[in-house]
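The values are calculated or read from the model by the stated rules, or taken from the named source; none is laboratory data. Since the structure is predicted, the reported quantities are computational estimates derived from the model, not experimental observations. Methodologically, a virtual Cβ is constructed for each residue, glycine included, from the backbone with ideal geometry; neighbour enumeration extends over all protein chains shown. Please note that ligands, DNA and RNA were not included when accessible areas were found on the heavy atoms of the full protein model with its side chains. Shrake-Rupley method; radii C 1.70, N 1.55, O 1.52, S 1.80 Å.
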Amino acid sequence: FFECSSIMRTNVLLVLVIIISLFRNALSDLYADMGLKEDATDSEIKKAFRVLSRKLHPDHNPSADARDEYAKVQKAYGILGDRKKKKVYDMMGEDGLKELDSGRNQRHQHMDIFGGLFGGGGQDQTRGQDVHLSLKVSLADMYNGNDHTLNFKKSKLRSKQVVKDCMSCKAKPPQLKKVQIAPGFVVQQQVAPSCDHVCNAGTKQVVKGHSQLLEVMIEQGIPEGHEIKFEMEADEYPDRLPGDLIFKVKSAPHPYFKRVKNDLHMKMKISLLEALVGFHKVIDHLDGRKVDVERDTVTPPGYQMILKEEGMPKHNVPSEHGNLIIKFEIVFPERISPQQAAQVRSLLA
């Protein structure tokens, strides 16, 4: 009797160890943990996290179940709320995330699939090509800052894999079957087909066209040619990480302003009379302000006026500005009458 009890205890412990191992290795559905679909947007993920955090936080819901659910939500958001981790999870699941962590710890020793993400020494052939695009924005947007929503079309892997049979032996993909792991104990496991060749029964990933909305932030004073990078948002293909999507910012022509680094340049035409006696003019600035331009003395041809702090805001320091430089062009009359000529001679003699 005691010997039987010992055997039963051993079997029970064995089953518990196997079950715990299976649970640990199973892929959790992070989207389901947050009550989301697999195509949830970044804003939907953030909104769900805020709602669930308030609902399940131990300060508001002290139950054990709520505590466990709160831990799941925290874990899920730690991955889905991180653009890079989310991309790896979407393509490769939690095994991919483990490889991501492994790549961080060993990036100086190995060039694996994640080497390109962490400054690898060479071209990573397991990483897709970067996509470079030009983004033309108005000079006013570069002065004031603005957000742009872009519709980017790319190749994207379907979130669900498509089952296929082996072309050689017509074997079916791995299926769940009941397997006895100890006397009196049966569990379900995936059993691969038994073949005498490399069997390709399983799943395949399908690439389809996809339109994705991207929020591009144009910061105040963003430099001409500045690059805005979206990591791993280029085309997706099986067995490789996508490259980066990189926008190069360029300014569209403005009616009268021209940007030179942090300064703005413009030309202003004045009449011969204004060049001699002075003038007062008003220009519309890029932020809608009215800027006064005036002189009460002679303005020689090619004269340049510098208005301090009226140029472009400096990137990352928008409280500081460059200068506005105005070059004057004198418009001469096509002809004057003899009487006017005589008056001018008498005045300037």
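A simple count of charges around VAL260, restricted to other residues whose Cβ falls under 13 Å of its Cβ and scoring Lys, Arg +1 and Asp, Glu -1, yields +2. For GLU236, the residues 5 or more places off, or on other chains, whose built amide H falls under 5 Å of its own are SER155, LYS156, LEU157. In this structure, the residue pairs whose Cα-Cα separation is over 31 Å, taken from LYS75/LYS154; LYS98/LYS314; LYS47/LYS250; LYS87/LYS314, are LYS98/LYS314; LYS47/LYS250; LYS87/LYS314. Full extension of the chain segment joining HIS285 with SER138 gains 51.6 nm, where the gain is 0.36 nm per residue of separation less the Cα-Cα distance.
Relative to one another, the C-alpha centroids of region 258-323 and region 56-89 are positioned 55 Å apart. Peptides 38-50, 313-325, 337-349 ranked from most to least packed give 313-325, 38-50, 337-349, packing being the mean of other C-beta atoms within 10 angstrom over each peptide's residues.
Within the same chain, aspartates and glutamates fewer than 8 places from LYS281 are excluded, and of the rest, those with a Cα less than 19 Å from its Cα are ASP292, GLU294, ASP296, GLU309, GLU310, GLU329. Summed over the residues of region 253-349 and divided among them, the accessible surface reaches 68 Å² per residue at a probe radius of 1.4 Å. Name the residues of region 28-67 whose amide N is less than 13 Å from a point 7 angstrom out from the Cα of LEU97 along the C-beta direction? In region 28-67, the label zone of LEU97 (backbone N under 13 Å from the point 7 Å along Cα→Cβ) covers 28-34. For GLN212, the residues whose amide H sits under 5 Å from its own are PHE152, LYS153, LYS154, ignoring neighbours fewer than 5 places away on the same chain, with H placed 1.01 Å from N.
Which entries of LYS153/LYS267; LYS156/LYS248; LYS37/LYS229 have Cα-Cα distances beyond 31 Å here? The partial results should precede the final answer.
Numbers: LYS153/LYS267 41 Å; LYS156/LYS248 23 Å; LYS37/LYS229 26 Å.
Result: LYS153/LYS267 exceed 31 Å.
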